[in-house]
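Enquirer: Quick one: structure below, then a few questions.
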Amino acid sequence: MQPHISPLLPSFSSLELAEPLLAAVRRLGYEQPTPVQQKAIPLALAYKDLLVSAETGSGKTAAFLLPTLHHLLTLPSKKFGTRALILTPTRELAQQVFKQCQQLLELTELQVGLITGGDDFRLQQNMLRRNTACVVATPGRLLELMEQETPDFSHLEVLVLDEADRMLDMGFSEDVLKIANSCNGQRQTLLFSATLTHFGVIKMADKLLANHETVALNTLHDGHRNIQQQIIVADDNGHKQKLLAWLLLNETYDKALIFTNSRVQADALQGPLRGQKLRVGVLHGEMEQKDRNRIMALYRDGVINVLVATDLAARGLDIKGINLVINFDVPRNGINYIHRIGRTGRVDELGLTVALVKSTEWNLMSGIERFLKQKFIHRTIKELEGKYKGPKKIKASGKAAGIKKKVEPKKSAVEKVKVRHRDQKNIGKRRAPSTVVPKGESVPNPDNG
Ligand code: AMP
């Protein structure tokens, strides 16, 4: 499949890759980097950990191979062991990546090895013992080899997880984590996935990537398979507090996680919720580490089952049994939203997430919906219905509200001529400011900061 290339993209030489790689790219007939290559390569060359959404056919393989091979070529290592490891879900994909890697390394001395099930175990052991710099592998066979203690990843420089979503869907989650944990902790990690809305991928990214950059290019719209996502509109924070207490007292859950955008708001919720006899703890970045550890232990053990947290504290949180996530404040962007709701709906569990949205947050929330290309379920709680019902245009617009379009009486021919004459006179005159927002933009909202 040929990837889509825009005429506006720069050339490969502007990416500052090692000359043998540029020559190989020319040989392969790649004229310009694809969008994913253009975005991911400079970040990867700067040693960033990356979470990239890109599908097969987008040029994603070269997007991780080129910077990885550039590092191996330009920073020779005297240390023993594999320097770059690429994990793929299937043998076929591993073979494909291996072949592309060989093509890119054609003009160099660097060696690449392939490890997949079904091939000779001893040959693979020998290949690893030869100090092969770059290894492409499927997780199952690699773990078998690791049980024999052959691979040495203690000096690994780059770990790539290709098609991570598929690896997780195929049940490789534990294997991948085991392999990653046996690798040098200082390595660079590049995680590629067809989608970023896969909760397992977000969890894996939290565990394996340090302060990563996210490169999102496509397919954010496929949704979380087992998370139901709802919105409840609210008048103000006082109203939100009542809705929150109602949800915590009436929904069924093992553990609930509440997100606020600020430490102050997180602290402020603790008292009122305790007043409702809920077992609540608070977690935010300004707490001392020992207090954070204590709260986490209480939550993990179920001594408290409601945790109010800020994003900062919730990163990397991996706790079983969280099946209710409530956004007390709408998160500041779509990626944060994905991170937050990824705390629930583990592989075999169902999750519910509710965002409490007041009028000043409406634009932000619809921006997140647009970003994810999803429409969330609008829910009302009868006994707590407020005055705010969402923006007017939603209430009044079209079929959904059951309103019939007003039929304008037909204009006579004389009237039509008058209208045209008036339009002619107005040419060049300024109109009153329009409320129409260009596609893809939101109305600036002073309250959104
Ligand atoms: P991938 O998405 O990695 O599976 O790549 C899809 C196909 O696009 C493969 O056959 C690559 O060799 C090819 N390819 C990758 N990058 C480029 C590029 N910049 N220009 C033209 N073809 C490319």
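Enquirer: Once phi is turned into θ = phi - 60°, what whole-Hz ³J(HN,Hα) does the Karplus curve with 6.51, -1.76 and 1.60 give for every residue of segment 368-384, x standing for Gly and Pro?
Expert: Values per residue, Gly and Pro as x: 5, 4, 5, 4, 8, 6, 9, 10, 8, 6, 8, 10, 10, 10, 3, 6, 10 Hz.
Enquirer: Heavy-atom accessible area per residue, segment 82-236, 1.4 Å probe: how many Å²? Before the final figure, lay out each step's value.
Expert: On the way: 6320 Å² over 155 residues.
Per residue, segment 82-236 has an accessible area of 41 Å².
Enquirer: Apply the Karplus curve 6.51 cos²θ - 1.76 cosθ + 1.60, θ = phi - 60°, to the phi angles in segment 298-312 and return the couplings in whole Hz, x for Gly and Pro.
Expert: Karplus-based 3J(HN,Hα) across segment 298-312 equals 4, 6, 4, 7, x, 5, 10, 10, 10, 10, 9, 9, 9, 4, 3 Hz.
Enquirer: Largest first, how would Asp206, Asp291 line up by accessible area (1.4 Å probe)?
Expert: Numbers: Asp206 25, Asp291 50 Å².
In descending accessible area the options line up as Asp291, Asp206.
Enquirer: Tell me the label-point distance for the pair Arg294, Thr90, using the 7 Å Cα-to-Cβ offset, in nm and rounded to one decimal.
Expert: For Arg294 paired with Thr90, the spin-label model returns 5.3 nm.
Enquirer: Taking amide H atoms as placed 1.01 Å from N in the peptide plane, list the residues 5 or more away in sequence, or in a different chain, whose amide H sits under 5 Å from that of Val160.
Expert: Answer set, sorted by chain and number: Leu85, Ile86, Leu87, Leu190.
Enquirer: Have a look at Val282, Tyr253, Pro272 and report the one farthest towards the positive end of the charge dipole of segment 223-332, computed about the Cα centre with Cβ charges (Lys/Arg +1, Asp/Glu -1).
Expert: Value computed over the given set: Tyr253.
Enquirer: A further question on this structure: Could you work out how far apart the two model spin labels at Gln103 and Glu286 are, taking each label as a point 7 Å from the Cα in the direction of the beta carbon, and quote it in nm?
Expert: So the label points at Gln103 and Glu286 sit 5.5 nm apart.
Enquirer: I would also like to ask the following. Let me make sure I get this right: for segment 227-384, a, b and c are the square roots of the gyration tensor eigenvalues over alpha carbons, sorted descending. Under 1.5 in a/c it's rounded, otherwise prolate if a/b > b/c, else oblate. Which is it?
Expert: Numbers: a/c = 1.42, a/b = 1.29, b/c = 1.10.
Judged from the Cα gyration tensor, segment 227-384 comes out rounded (a/c under 1.5).
Enquirer: Also, quick follow-up: Between Asp120 and Leu312, how high is the FRET efficiency from 1/(1 + (r/R0)^6) when r is the Cβ-Cβ distance and R₀ = 51 Å? Nearest 0.05.
Expert: On the way: r = 49 Å, r/R0 = 0.96.
The calculated FRET efficiency here is 0.55.
Enquirer: Rounded, prolate or oblate: pick one for segment 65-132, where a ≥ b ≥ c are the square roots of the eigenvalues of its C-alpha gyration tensor, a/c under 1.5 means rounded, and failing that, prolate if a/b is larger than b/c, else oblate.
Expert: Numbers: a/c = 2.02, a/b = 1.29, b/c = 1.57.
Note, shape of segment 65-132 comes out oblate.
Enquirer: If you plug each phi of segment 123-136 into the Karplus form 6.51 cos²θ - 1.76 cosθ + 1.60 with θ = phi - 60°, what whole-Hz ³J(HN,Hα) values come out, in order, with x for Gly and Pro?
Expert: Couplings: 4, 5, 4, 5, 4, 5, 5, 6, 6, 5, 5, 10, 10, 10 Hz.
Enquirer: Students often check this: by mean Cβ neighbours within 10 Å, which of 356-366, 34-44, 139-149, 58-68 ranks highest, and how do the rest follow?
Expert: Working: 356-366: 20.2, 34-44: 22.5, 139-149: 16.4, 58-68: 25.6.
Order by mean packing, descending: 58-68, 34-44, 356-366, 139-149.
Enquirer: Return the long-range amide H neighbours of Ile231 (sequence gap of 5 or more, or a different chain), with a cut-off of under 5 Å between placed amide H atoms.
Expert: Ala355, Ile377, His378, Arg379
Enquirer: Given R₀ = 51 Å, FRET efficiency for Ser262-Lys373 by Cβ-Cβ distance, to 0.05?
Expert: On the way: r = 29 Å, r/R0 = 0.56.
For Ser262 and Lys373, the calculated efficiency is 0.95.
Enquirer: Okay, next question. Once you sort the root eigenvalues of the Cα gyration tensor of segment 329-389 as a ≥ b ≥ c, which label holds: rounded (a/c under 1.5), prolate (a/b larger than b/c) or oblate (the other case)?
Expert: Working: a/c = 2.22, a/b = 1.29, b/c = 1.72.
It comes out oblate by the Cα gyration axes.
Enquirer: With every protein chain kept in the model, how would you rank Leu110, Leu123 by accessible area, 1.4 Å probe, largest at the top?
Expert: On the way: Leu110 35, Leu123 120 Å².
Correct descending sequence by accessible area is Leu123, Leu110.
Enquirer: Then there is this: Grab the Cα-Cα distance for Ser14 and Ala210, subtract it from 0.36 nm times how many residues apart they are, and report the gain in nm with one decimal.
Expert: Going from the current span to full extension adds 67.8 nm.
The values are calculated or read from the model by the stated rules, or taken from the named source; none is laboratory data. Computed from a predicted structure; not experimentally measured. All Cβ positions, even for glycine, are placed from backbone atoms using ideal geometry, and neighbour counts span all protein chains on display. The area values use the complete protein model at the heavy-atom level, side chains included, leaving out ligands, DNA and RNA. Shrake-Rupley method; radii C 1.70, N 1.55, O 1.52, S 1.80 Å.
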